[in-house]
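Colleague: Take this structure, written in structure tokens, and hold onto it; I'll ask about it next.
The values are calculated or read from the model by the stated rules, or taken from the named source; none is laboratory data. If you're wondering where the values come from, they're calculated on a predicted model, not measured in any experiment. So basically every Cβ, Gly included, is an ideal-geometry build from the backbone, and we count neighbours across all protein chains shown. Areas reflect the complete protein model, heavy atoms only, side chains present, ligands, DNA and RNA absent. Shrake-Rupley method; radii C 1.70, N 1.55, O 1.52, S 1.80 Å.
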Amino acid sequence: MFRNRVKHISWFVYESFTRTIGYRQARRAVKCSPNVRLPMVLSLSFPLFGYNKTNLTNNNELELAVNNDELVLEQKLIEADQLFLANKFEDVVKLLGEYKDKNNVQVLWRLSKAEYNMSLDENISKEKKKSLISSAHESIIKALSIDSNISEVHKWAAVLIDAYSNINLGVKEQLLKLETVKFHLQKALELNPKDPFSRYMIGYWSYNLADISWFRRKLGSILLGTEIPTSTYEEALEYFREAESIQPKFYCKNLLMLGKTFLKMDNKFSAEYYLKLVTQYPVKTVEDHQAKIEAEKILKSSFG
């Protein structure tokens, strides 16, 4: 849209200029000789009868080049989404890395997502993990400053603000970031109500706050000088169940959290059901593996 507006203004200035120059040159030519041919520039005064082929060709070639670059990037974004499905996060970074400084929101949130997932690898060093999270955090904050009306941007902002604070900030600062994390999760859900992951993430946020004992909460408030946000297991359960109703078995950790939440609420029948689903879930990622191990431990300790 912006490009079209600029082209229109450029043509208007160009046309006005050539009208003026063509008219003056034509008058001089006519005075010198009644048989003289009109100067070529005069034809530019009448777009319906003539035009500058060279300039228009250059403009068209420039526009085609820009459009071609946009099509190439669009194709790469589609390819990146396919790589996500195959859990090839490093390949996503290699594919989109050259566009990191182009201020493209669709590129930035995908790079953030890929680098965060790479940081979950249990085999990388602490330094590498910190570097990946810091880079992903930088990209998502930049994306937020460009366009804050995209659900995926807010979702990954929540993830990375939390991850970044855990490795770079003190306990008090981490607590202060909790409300910021919840704000971005709720904004992501508002922009895309059908996304089960956003509901899972709010549920996970609620569960962890509900899991803080009254004594620890009170002690933390006194020592840190700040109130710790509150939530309940009932609130967490509602989000986990809503996520599951939107897309059943979409994420092993949602099944795990359903089992853990039901167990906290003394509903052992439902807890066992969901924990067993986790142990049967196909292992494709680091998170799948971690969830399966945790579910097996809980089943062994709580159900024999």
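Colleague: Heavy atoms only, probe 1.4 angstrom, no DNA, RNA or ligands counted: give me Lys177, Lys194 ranked by accessible area, highest first.
Modeller: Details: Lys177 80, Lys194 155 Å².
Largest to smallest exposure gives the sequence Lys194, Lys177.
Colleague: So, one more: Mark the label point 7 Å from the Cα of Val283 along Cα→Cβ and return the residues of the stretch 81-96 whose backbone N is within less than 12 Å of it.
Modeller: none
Colleague: In the stretch 114-181, what GluC sites (Glu not before Pro) fall in a loop by DSSP, with at most 15 other Cβ atoms inside 10 Å?
Modeller: Numbers: sites: Glu115, Glu122, Glu127, Glu138, Glu152, Glu173, Glu179; in loops: Glu122.
Answer in residue order: Glu122.
Colleague: If you don't mind, there's one more thing I want to ask. Roughly how many nanometres apart are two label points built 7 Å out from the Cα toward the Cβ at Lys218 and Asn192?
Modeller: Inter-label distance under the simple model: 4.3 nm.
Colleague: Explain nothing, just compute: Karplus ³J(HN,Hα) = 6.51 cos²θ - 1.76 cosθ + 1.60, θ = phi - 60°, for every residue of the stretch 243-248 in order, whole Hz, x for Gly and Pro.
Modeller: 4, 5, 6, 6, 8, x
Colleague: Quick one: 3J(HN,Hα) in Hz for the stretch 105-122, Karplus 6.51/-1.76/1.60 with θ = phi - 60°, rounded, Gly and Pro as x.
Modeller: With the stated coefficients, the stretch 105-122 comes to 4, 5, 6, 4, 6, 5, 5, 4, 4, 5, 5, 5, 5, 5, 5, 7, 4, 6 Hz.
Colleague: Kindly write out, for the stretch 181-186 in residue order, the coupling ³J(HN,Hα) from the Karplus curve 6.51 cos²θ - 1.76 cosθ + 1.60 (θ = phi - 60°), rounded to whole Hz, with x marking Gly and Pro.
Modeller: For the stretch 181-186, the Karplus-derived couplings read 4, 5, 4, 5, 5, 5 Hz, x marking Gly and Pro.
Colleague: What does the charge add up to near Glu179, with Lys and Arg as +1, Asp and Glu as -1, over the other residues with Cβ less than 13 Å from its Cβ? Don't jump to the answer; show the numbers that get you there.
Modeller: Values: positive: Lys177, Lys182, Lys187; negative: Asp162, Glu173, Glu227.
Net charge around Glu179: 0.
Colleague: Pairs to check: Lys130/Lys249; Lys113/Lys292; Lys94/Lys142; Lys177/Lys218; Lys126/Lys155; Lys177/Lys292. Give those whose C-alpha atoms are more than 21 Å from each other in this structure. Walk me through the numbers on the way to the answer.
Modeller: Values: Lys130/Lys249 31 Å; Lys113/Lys292 23 Å; Lys94/Lys142 19 Å; Lys177/Lys218 18 Å; Lys126/Lys155 24 Å; Lys177/Lys292 30 Å.
Result: Lys130/Lys249; Lys113/Lys292; Lys126/Lys155; Lys177/Lys292 exceed 21 Å.
Colleague: If you don't mind, another one. Relative to a virtual label point 7 Å from the Cα of Lys172 in the Cα→beta-carbon direction, which members of the stretch 211-242 show backbone nitrogen distances below 20 Å?
Modeller: 216-230, by backbone N distance to the label point.
Colleague: Using a 1.4 angstrom probe and counting only protein chains, how large is the accessible area of Ile228 in Å², to 10?
Modeller: 20
Colleague: State in Å² the accessible area per residue of the stretch 198-296; use a 1.4 Å probe, count heavy atoms of protein chains only, and round to the nearest integer. Present the calculation step by step, with values, prior to reporting the outcome.
Modeller: Numbers: 5310 Å² over 99 residues.
Averaged over the residues of the stretch 198-296, the accessible area is 54 Å².
Colleague: Ok, one more. Could you tell me the accessible area of Leu73 in Å² (1.4 Å probe, neighbours in place), rounded to the nearest ten?
Modeller: Rounded to the nearest 10, the figure is 30 Å².
Colleague: Moving on. Any idea how far apart Glu98 and Phe250 come out in nm if each label point goes 7 Å out from Cα toward Cβ?
Modeller: Each label point lies 7 Å from its Cα, and together they span 3.4 nm.
Colleague: Mind grabbing the accessible area of Arg216 for me, 1.4 Å probe, Å², rounded to tens?
Modeller: Solvent-accessible area, nearest 10 Å²: 150 Å².
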